[in-house]
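Everything on this sheet refers to the single structure shown next.
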Amino acid sequence: MMRLSGRFRSSLIIGLQGIRARKLRTLLSMISLFLGVLAVVTVQAGASIAERALMSDVELQSGYDGTVVIDVMPHEKSPSIVSETVAGRNDAVSLIGTSAIIGEPGVSPINPGGAPFDQGAWGSTEICDNVGNCVPGPPTGEAIEVVLTAVAGDLLTFRPLRPVSGDWLAFDTVPSLAPKIVINEEAAKGFRDHQVPAEMRVRGAKANMTPQIVGVVHDGDYQPRAYVRQDELTNWMPTSSLIDPNFGGQITVMTSSGSPVEQVLQSRLRGAGAESYVNVVQNRKEMEKQLMLMRLIFLSMAGLVLLIGVAGILNVGLATVGERVEEFALRRAVGTPRTLLAGIVLAETMLTGLLTAAAAIGAGIAGLKIVSMVLGGSEPLLANVQFPWDAGVAGILAGIIAGVLGGFIPALRAAGIPIATVMRA
Amino acid sequence: MNQPLIELTGITKILKGQEEPRTILDGVGLTVHAGESVAIVGRSGSGKSTLLSILGLFDRPDSGSYLLDGQEISRLPERKAAKLRSSHYGFVFQRFFLLKHLTAAQNVAMALVNGQGWLPRRQRRVRVMEALDLVGIAHLAKNRPTKMSGGEQQRVAIARALVRDPRVLLADEPTGALDTETGAAVIDALSAATHRGCGLILVTHDRDHAARMGRTLSLANGVLTETGRVHA
């Protein structure tokens, strides 16, 4: 152990002396390697940032990895069962989706069916009865249709909705008769571009409500959507009316893995004859393959650039060993083992690789800061973006690997220098 | 008499180059005791340096026996030979072989930072300064070779050879690049090592320097013969 440690220290000391003695050569080696390591750092950083961005976009809609999602099929009893099961629990949240028209009463909305505002109408303005007899609906007026999600529980624990302005729904207050709603960015467009009065029509409600918009969030949805406390909505309608099996609707429960909610809810739904489907969010696993392929392609390209740097180190290393034949022969004469001579050369090239890696990582951090400052305003994902630690690790590994590859042949050559012929010369 | 420090018997070395094989050493025998100094003289190409290479474990003989303190070492694997070179041998060459980018002290310390054991920096510094002091140039410890005279550089090389307190000191034409006066001073420094029990083998062309050794041996046609002995 002592001997290994001594050899390691000896190779570091001599390697550092060698680097100090040949600063210009070291600098030239670093320059040739810099671009290669920078390419690896950039690819890794770019892939990590892209992966994070992609993940965060996917998580916006599907939830964090590991979240158990229970989709409940529309059934007359399912809203009540879901509400009773989730009530008072902090490890589950229920989302009951219906539609609402906000605006002028007695008119058809600008975007029937809750269509995005730049995509025209999805639904019809006709009014149909239960047997399918339809008559033309009222004329279009200043009203917008949104997907209304009645929330019971802390949704932000399961989905990272990004606040744009205002606040998120507060659940620790008495339910208001004027339901507070949080709208997404697409719905906000409707309010921005149209003079929409604050009156909300929801199918099954006893009367129209006056909503209070408390915030805007980015939820990744391209449809206009509003989130409302379920208990504030049910001030105006029975829970069972939240879903009308004839018109569809959506009930989703999100819970953490291992929570009893999943088992209790499924049993109760089965008992009532309602169907449900369970799946666990595995965004990373699903995205891994496509991300890995993308990363491999870019890393291969970066590897080629790195190879040029390795060739530079190899070239300089061979020239340096050629110049230092006497030194290595002398070191062997004073008892330095061949392995240590190889170690000295490798230590020099690896230290050069590490110095280059440090420079490339520094450049990467600085570059990212500049990109973040310049483009952060227009591209939210780049605002305050942190340099990914795995890009730093990749840079250090690239530096070490380049040092080892570039120094390997010079190290072998140094170890093979014969003492006798050199000392006799 | 005590066991010899070095005992060569029937050492043969044949050079196998592009031309016909040439016998450089032909059954050479040599015995050196601790504290003894031996000069080896001979014409250029007579095989003096080859003999020194074998003595210093840089090279192996084709046949014959090489005992160090009674132990056969002519066929040692390189790893063990390196260890022995570090612990038992000191080398001085005609061309000093000092590294220009290192100070005198760092050049001497090179023999201590060689992967054969580890000395903490403080102990290393003490050993280096002692060695430089032995050859009278401790005050030049921080100087680089380029700022030193030939004699001073050779003294640094001798200090490097002595820093590990070797049993055998091998010197190959150490005065070849020096003037007479400086050469004599270098021989003094080398001879002083024998007073501490070190065996000295000096390869030289200079008859005067050879005459200052305990024995003088001449190498000709691959055969080593004794040509002079100083009796105490």
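B:R127 exposes around 80 Å² of accessible area when a 1.4 Å probe is run over every protein chain in place.
The stretch B:10-39 and the stretch A:27-97 have Cα centres lying 78 Å from one another. Sequence-ordered 3J(HN,Hα) estimates for the stretch B:211-227 from the Karplus curve with 6.51, -1.76 and 1.60 and θ = phi - 60° stand at 5, 7, 7, x, 9, 10, 10, 10, 10, 8, 6, x, 10, 9, 10, 7, 10 Hz, glycine and proline given as x.
Relative contact order of chain B: 29 percent, from C-alpha pairs under 8 Å at least 6 residues apart in sequence. From the alpha carbon centroid of the stretch A:367-415 to that of the stretch A:324-342 is 34 Å.
Taking every full run of DSSP H in chain B, none both stretches at least 27 Å from end to end by Cα along its long axis and averages 1.6 or higher on the Kyte-Doolittle scale. So what does log10 I(q)/I(0) come out to for the stretch B:1-127 at q = 0.17, 0.18, 0.23 Å⁻¹, using the Debye formula with one equal point on every Cα and no solvent? Reported log10 I(q)/I(0), two decimals: -1.04, -1.12, -1.40.
Check every DSSP H run in chain A and write down those whose alpha carbon atoms cover 15 angstrom or more along the long axis and whose mean Kyte-Doolittle hydropathy is -0.5 or greater. Working shown, then result.
Details: long enough: A:2-21 (28 Å, 0.32); A:23-62 (55 Å, 0.98); A:261-272 (16 Å, -0.24); A:283-323 (56 Å, 0.95); A:338-375 (54 Å, 1.62); A:389-415 (37 Å, 1.49).
Passing helices, by number: A:2-21, A:23-62, A:261-272, A:283-323, A:338-375, A:389-415.
In the stretch A:1-100, the alpha-carbon atoms span a convex hull of 244 Å³ per residue.
Net charge dipole, the protein assembly as shown: roughly 4500 debye, given to the nearest 20, about the Cα centre with Cβ charges of +1 for Lys and Arg and -1 for Asp and Glu. Ordered from highest to lowest accessible area with the whole protein assembly present and a 1.4 Å probe, B:E19, A:E323, A:E288 read as B:E19, A:E323, A:E288. Averaging over all projection directions, the Cα-based convex hull of the protein assembly as shown occupies 44.3 nm² in the image plane. Taking a straight line from the alpha carbon of B:K100, these aspartates and glutamates sit under 14 Å away, with near neighbours fewer than eight places off in the same chain left out: A:E323, A:E326, A:E327, B:E152. From the alpha carbon centroid of the stretch B:40-104 to that of the stretch A:184-214 is 96 Å.
Given Cβ point charges of +1 (Lys, Arg) and -1 (Asp, Glu) and nothing else, what value in debye, to the nearest 20, does the dipole of the stretch B:6-229 about its Cα centre take?
Charge dipole, the stretch B:6-229, about its Cα centre: 1060 debye, nearest 20.
A cut-off of 5 Å between modelled amide H atoms, ignoring neighbours fewer than 5 places along the same chain, links B:L224 with B:G29. Residue ranges A:221-229, A:233-241, A:171-179, A:365-373 sort as A:221-229, A:233-241, A:365-373, A:171-179 when ordered by packing (mean number of other C-beta atoms within 10 Å per residue, highest first). The heavy atoms of A:V334 offer some 20 square angstrom of accessible surface to a 1.4 angstrom probe. Inter-chain neighbour count for B:87-95: the average number of beta-carbon atoms from partner chains within 10 Å of each residue's beta-carbon is 3. As a length-normalised measure over Cα pairs under 8 Å and 6 or more apart, the relative contact order of chain A settles at 27 percent. Projecting the Cα atoms of A:Q17, B:I201, A:G312 onto the charge dipole of the protein assembly as shown (Cβ charges, centred on the Cα centre) puts B:I201 farthest toward the positive pole.
Each residue of the stretch A:165-170 was assigned a 3J(HN,Hα) from its phi angle through the Karplus curve 6.51 cos²θ - 1.76 cosθ + 1.60 (θ = phi - 60°); the sequence is 7, x, 10, 8, 4, 9 Hz, with glycine and proline shown as x. Using a probe of 1.4 Å, the accessible surface attributed to B:L102 totals some 0 Å² when neighbouring protein chains are kept in position. At the listed q of 0.09, 0.14 Å⁻¹, the Debye profile of the stretch A:68-280, built from one uniform point per Cα, gives log10 I(q)/I(0) equal to -0.35, -0.85.
Of A:K180/A:K206; A:K189/A:K285; A:K77/A:K180; B:K13/B:K80; A:K180/A:K369; A:K77/A:K285, which ones are farther than 28 Å apart at the Cα? Mind showing how you got there, number by number?
Working: A:K180/A:K206 18 Å; A:K189/A:K285 35 Å; A:K77/A:K180 26 Å; B:K13/B:K80 21 Å; A:K180/A:K369 39 Å; A:K77/A:K285 35 Å.
Pairs exceeding the cut-off: A:K189/A:K285; A:K180/A:K369; A:K77/A:K285.
Inter-label distance, A:D57 to A:A87: 4.1 nm, where each label sits 7 Å from its Cα along the C-beta direction.
Starting from the Cα coordinates of the stretch B:6-229, work out the convex hull volume and express it per residue in Å³.
Working: hull volume 28.6 nm³, N = 224.
Per-residue hull volume (Cα only) is 128 Å³.
Across peptide A:12-24, how many C-beta atoms of other chains are within 10 Å of each residue C-beta, on average? Numbers along the way, then the final one.
Details: counts 0, 4, 5, 0, 0, 6, 2, 0, 2, 4, 1, 0, 0.
For this peptide, the per-residue mean of nearby foreign Cβ atoms is 2.
Taking every DSSP beta bridge that has both ends in the stretch B:6-229, the antiparallel portion is near 55%.
The values are calculated or read from the model by the stated rules, or taken from the named source; none is laboratory data. Bear in mind the structure is a predicted one, so any value in this text is a computation, not a measurement. Ideal geometry is used to build each Cβ from the backbone, glycine not excepted, and the neighbour counts take in all protein chains shown. The protein model used for the area step is the full one, side chains on, heavy atoms only, and it has no ligands, DNA or RNA in it. Shrake-Rupley method; radii C 1.70, N 1.55, O 1.52, S 1.80 Å.
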